[in-house]
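The values are calculated or read from the model by the stated rules, or taken from the named source; none is laboratory data. Given the structure is predicted, the values throughout are model-derived calculations rather than measurements. Reconstructed Cβ throughout: ideal geometry from the backbone, glycine too, with neighbour counts over all protein chains shown. Accessible surface areas use protein heavy atoms only, side chains included; no ligands, DNA or RNA. Shrake-Rupley method; radii C 1.70, N 1.55, O 1.52, S 1.80 Å.
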Amino acid sequence: MAEAPQKVSDLIAQRIVRLLAHPQLSAAEQLDELLALLDLPGNPVQVRSNLRNVFEDAQTDGINLLHPPADFQRWLQKPLGRLGDQLGQAKDNTVNARASTLANFYLALERLELVRYDPLRHLPRPQREQAQDPLPSRAMLERLHRSARKDSLLYAALLLIDELAFTLADLTRLQWSDINLTDKKLIRQTESVIPAKSLSALRALAGEQGLYQEMPKLQVFPPATELRHKLWKQCGVAELPFLAPSKLRRAGLRDHGHLNAAQAGYLDARAFEQAVQLARSLEVLTKEDDQEEA
């Protein structure tokens, strides 16, 4: 009974490899069969439309989507931005929608162990938050952290977001096999030294879960929807507005100047510097000073 799901996923993975390597299938034919195998979120017609340019241009330019080249993100700017057969720039919302659908496609491939990492991580996108869209103050973050201490799962997640710039996707992918509590290190795309607060929270969580050593492939955190709901409830308990994970992460990048690209999970040092500069350009949500004791 337990082996059946693995066999099904292996068969699906094998079919995907054959489809993407098939020399005679058009991009449209590849998409038709792939979308029947992969349960990607969204309207199927729109999902297909969002992926079409990437698949067409990959065939034209000889790009292997299962083994993206080093300059893949730069190459993606053309298919994500073009309109029809022209090289004009699509609207920002269209580019973002296409990038999000492609990210879901690679997440599905990662779950099938067909790719080792998300090649769209830190992909520059249009319509980034502007300076008038403020981030929470450090006092607000500390209040949220104090409020969440009794929820070891959420507390550990909040500290990883704050201290190591974890995204929500990073959290939901993290397995206990990715963490070495003895050496105080963890691995994403890069290796990071675990700061003291995060290390303490992870050790407490490991002790609470109990089976992390016997089940190294066990996910550390629950699905994104559950984490987001926990965060929403905790913000209410702390008498704070809802602070989205992306804003918490940017606030951490703003405040932790000791981070370097690898420590924050970035392969590209320039992308890391740009993210820090953006975070530091955003206004603070409140100037209030929280004087409660930790």
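Couple of notes before you dig in:
- Across the stretch 13-44, the number of residues qualifying as part of a loop (DSSP other than H, G, I, E, B), closer than 18 Å to E110 by Cα and either open to solvent by less than 40 Å² (accessible area, probe 1.4 Å) or of a type outside the set (D, E) (or both) comes to 3.
- Filtered by the rule that a residue be open to solvent by less than 40 Å² (accessible area, probe 1.4 Å) and either over 17 Å from the mean Cα position of the chain (by Cα) or among the hydrophobic types (A, V, I, L, M, F, W, C) (or both), the stretch 170-184 gives L171, L174, W176, I179, L181.
- Test: residue in the stretch 144-158 that is crowded, with 20+ Cβ neighbours inside 10 Å, under 18 Å from the mean Cα position of the chain (by Cα), under 22 Å from V276 (Cα atoms) and modelled with pLDDT of 90 or more: yes
- Answer residue from the stretch 218-259, given it is open to solvent by 40 Å² or more (accessible area, probe 1.4 Å) and assigned to a loop (DSSP other than H, G, I, E, B) and is nearest to A201 (Cα to Cα) among those: L218
- Considering the conditions (1) open to solvent by less than 70 Å² (accessible area, probe 1.4 Å); (2) touching an Asp or Glu at 6+ places or on another chain (Cβ under 8 Å); (3) within 27 Å of L267 (Cα to Cα), K78 is excluded by exactly one of them, (1).
- Options V115, V47, V54, V95; residue that is part of a loop (DSSP other than H, G, I, E, B), within 24 Å of the chain's Cα centre (by Cα) and not basic (K, R): V115
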